[in-house]
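No value in this document is a laboratory result; all are computed from the given coordinates. None of the values given here were measured: they were computed from a predicted structure. Cβ coordinates were reconstructed from backbone atoms using ideal geometry, including for glycine residues, and neighbour counts include every protein chain displayed.
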Amino acid sequence: MSAMRKRRLDQPKTAGEASALDLTRLATVAYSSEDPAHPVEHLVDGSAGPGGSRWAAAQPDTVEHIVVEFDRPQSVTRLAYEVEETERERTQEVHVEVSNDGGKTYRRVLVQEYTFSPGGATFQREDVRLEARDISHLRLTIVPNKHGSGVATLTSLRLYS
């Protein structure tokens, strides 16, 4: 019998693989606005997937920012986040940038847009590999209405070491 490492696709990864950073313990999450019914804490509450809790901006058609401010520099090898829109047709754009100098300057690592349609695509999960070493800040800029009108939202956010 071989010593191959294996797991079923529907089973969680084990300790030897990239582990999620505990943002509630390692960082402060700064934000430009939040709807009191959908606070920024919902990004890290473990409720992911379609129908999960979510962060939402306080007002529509406004570019929003979420900044993860690490207490100590961290290396991030993977970023995963989810976006859901079931009510209206719109295109939301997300920019991800990292800083190694305390938030003075940022380097863009990802720009992604998602087109939502209540009769079609309503949920998107992004899971990307990063080579971001010793970062002090990770900033997400959310443009809620590149095409259409709407409120900036994110369902979940996970960073992995």
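Counting helices only, and only those DSSP H runs with n ≥ 4, report the 222 nm mean residue ellipticity of the chain as the sum of -39,500 (n - 2.57) divided by its residues, in deg cm²/dmol to the nearest 500.
-500 deg cm²/dmol
What dipole magnitude, in Debye to the nearest 20, does the range 27-161 give about its Cα centre under +1 on Lys/Arg Cβ and -1 on Asp/Glu Cβ?
Rounded to the nearest 20 debye, it is 420 debye.
May I ask you to derive the FRET efficiency for Glu131 and Asp45 from their Cβ-Cβ distance with R0 = 30 Å, giving the value to the nearest 0.05?
0.60
Only Lys, Arg, Asp and Glu count, each charged at its Cβ (+1, +1, -1, -1), so figure out the dipole size of the range 56-95 about its Cα centre, rounded to 20 debye.
240
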